[in-house]
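The values are calculated or read from the model by the stated rules, or taken from the named source; none is laboratory data. Keep in mind that this is a model prediction, so the values were computed, not measured. All Cβ positions, even for glycine, are placed from backbone atoms using ideal geometry, and neighbour counts span all protein chains on display. SASA here: full protein model, heavy atoms, side chains in, ligands and nucleic acids out. Shrake-Rupley method; radii C 1.70, N 1.55, O 1.52, S 1.80 Å.
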Amino acid sequence: MSPQTIYALASAGGRAGIAVIRVSGPEAAAALTALAGESSAEAQDHPRRATRALLDDPGTSAPIDDGLVIWFPAPNSFTGEDVSEFHLHGGPAVITGVLEALAAMAGLRMATPGEFTRRAFENGKMDLTAAEGLADLIDAETVAQRRQALRQLEGELGRLYEDWRQRLLGALAHGEAGIDFSDEDLPAGIEAAARKDVAQLERALADHLKDKRRGERLRDGYHIAIIGPPNAGKSSLLNQLARRDAAIVSSTAGTTRDVIEVHLDLGGYPVTVADTAGLRDVGEKGDTVQGSGNDEIEAEGIRRARAHAADADLRLAVFDGEAWPEADPATVGLVDDSTIVVINKCDLAPLAAPLAVNEQAALAISALTGDGIEGLLETITERVAALMNAAASPAPALTRTRHREALEECRAALGRFLALDAGAGTPELAAEDLRLAARALGRITGRVDVDDVLDVIFRDFCIGK
Ligand code: GDP
């Protein structure tokens, strides 16, 4: 059964200078002819070049737009199928006019989210990691995210896994030869060589997995929690940070005592800073209204603050400079080497030494005047960059839990293979472990039984991609 022809607006909705509508499938040429009339022949004579075209509604012959059309004959197109593209003026009535004309044509239907990319994958235009790289590139908000996504789109990660899989298939072939033929028929040392290669691969995999989740972190953003006692100036600090040019999204408020976040671009790295409820022992202080339920709400806020602090990649512990050197014990208890210690309100009075908590040197700032904020941002950026580069190797980073799970499965199978004694007379078992390991790698790139993961991956795309 030949696939249906699909169409969709490939550019974002709303008014814009131009809009692009993409049509892919066997009826792509017919759609081009129906809308572009005579210009369609010229476009088809010049594949992959823009041709100016007056676009008319095929039903009424009413003009819709004066635009450009491009013809991409299969297999040299994004999807690998025949594709025609309509570059229109980006007004809602123009876009609707073309979409309605396409909808009225036989054999055409609106694409579902990610369907163009899914067809590209199914036609061998890209592997799954490249498709994910494309989705990440569209979502990239910072330079480092863009760099990582582009590398993945260009196939770096896919090539690494495919190379590993080929090596495993090589070892597997040797193992199976060992099952099928008696020892005398095989060159000596072949099994030892295969084992050595598998052992090397297992080490490479272990290193690849020991990456401090840098690829995943770069996709999701690096999480920082601001913690500290009430009134230390946590909200003021968050506002200071959000006001910087670095802020790429304004603050999104949750409920009063929930967590408030701002998203920053620090040196190209996406960072999410969360303000959390003030830490203290609820019920000891008298400033909550008795019996109003406020204590309960505050206790829940503190519980969330602690959970957030525990999950964060880095903590900013804010202490009240007015009370210094008396430091809030609930916050001191959370200071470790993943914490930057900040003493706020340094505008009020000189701070008494030592400027440190739990041996972590403290930075003096004023969230009111902005003193020390620049230095704090530098310190945060250094910490983030250090973490992202800690495992930096020429090899690309894995970027999704899906990759990690499959790699761990692969590694476990290799571990079982290596644990079997060489020459122990269990070649069938050994071959099965190698097969499982190769299959786990194949699932990442989409070489083997991936139907179940396809829906999950392409669902995250928008329509028209
Ligand atoms: P939070 O409860 O930790 O979020 O603290 P807030 O940010 O709400 O600040 C508590 C109080 O301290 C407010 O009245 C702020 O104006 C004040 N404050 C915050 N930072 C500073 C500072 O650096 N210097 C001075 N003098 N006051 C500050």
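All conditions in (1) farther than 27 Å from G267 by Cα; (2) touching a Pro at 6+ places or on another chain (Cβ under 8 Å) hold for N358, with the sole exception of (2). Selection within segment 354-372: residues that are among the polar types (S, T, N, Q) and away from the ligand (no atom under 16 Å from the Cβ). The member of this set that is nearest to R383 (Cα to Cα) is Q360. The conditions of being within 14 Å of the ligand (Cβ to nearest atom), open to solvent by less than 20 Å² (accessible area, probe 1.4 Å) and either over 35 Å from the mean Cα position of the chain (by Cα) or not hydrophobic (A, V, I, L, M, F, W, C) (or both) are not met by T339.
Of all residues in segment 195-212, those satisfying the criterion of being under 20 Å from L157 (Cα atoms) and among the small types (G, A, S) are A204, A206. From the list G233, G278, G321, the lone residue that is modelled with pLDDT under 85 and within 12 Å of the ligand (Cβ to nearest atom) is G278. A search for C-beta distances below 6 Å between a residue of segment 59-81 that is over 16 Å from L32 (Cβ atoms) and any residue that is acidic (D, E) and at pLDDT 95 or above, counting only pairs 6+ apart in sequence or on different chains, returns P63/D56.
Within segment 307-335, the set of residues being more than 26 Å from the chain's Cα centre (by Cα) and open to solvent by 60 Å² or more (accessible area, probe 1.4 Å) comprises E322, P325, E326, P329, G333.
Only a single item in (1) in contact with a helix residue (DSSP H, G or I) (Cβ under 6 Å, 6 or more places away or on another chain); (2) closer than 15 Å to S39 by Cα; (3) in contact (Cβ under 8 Å) with a residue 40 or more places away in the chain is not met by G114, and it is number (2).
Taking the criterion of being away from the ligand (no atom under 16 Å from the Cβ), open to solvent by less than 30 Å² (accessible area, probe 1.4 Å), modelled with pLDDT of 85 or more and under 30 Å from L137 (Cα atoms), would at least one residue in segment 249-263 satisfy it? No, segment 249-263 contains no residue that is away from the ligand (no atom under 16 Å from the Cβ), open to solvent by less than 30 Å² (accessible area, probe 1.4 Å), modelled with pLDDT of 85 or more and under 30 Å from L137 (Cα atoms). In the set (1) within 14 Å of the ligand (Cβ to nearest atom); (2) at pLDDT 85 or above, P350 fails one condition alone, (2). When residues in segment 394-408 are screened for being in a helix (DSSP H, G or I), open to solvent by 10 Å² or more (accessible area, probe 1.4 Å) and not acidic (D, E), 3 of them pass.
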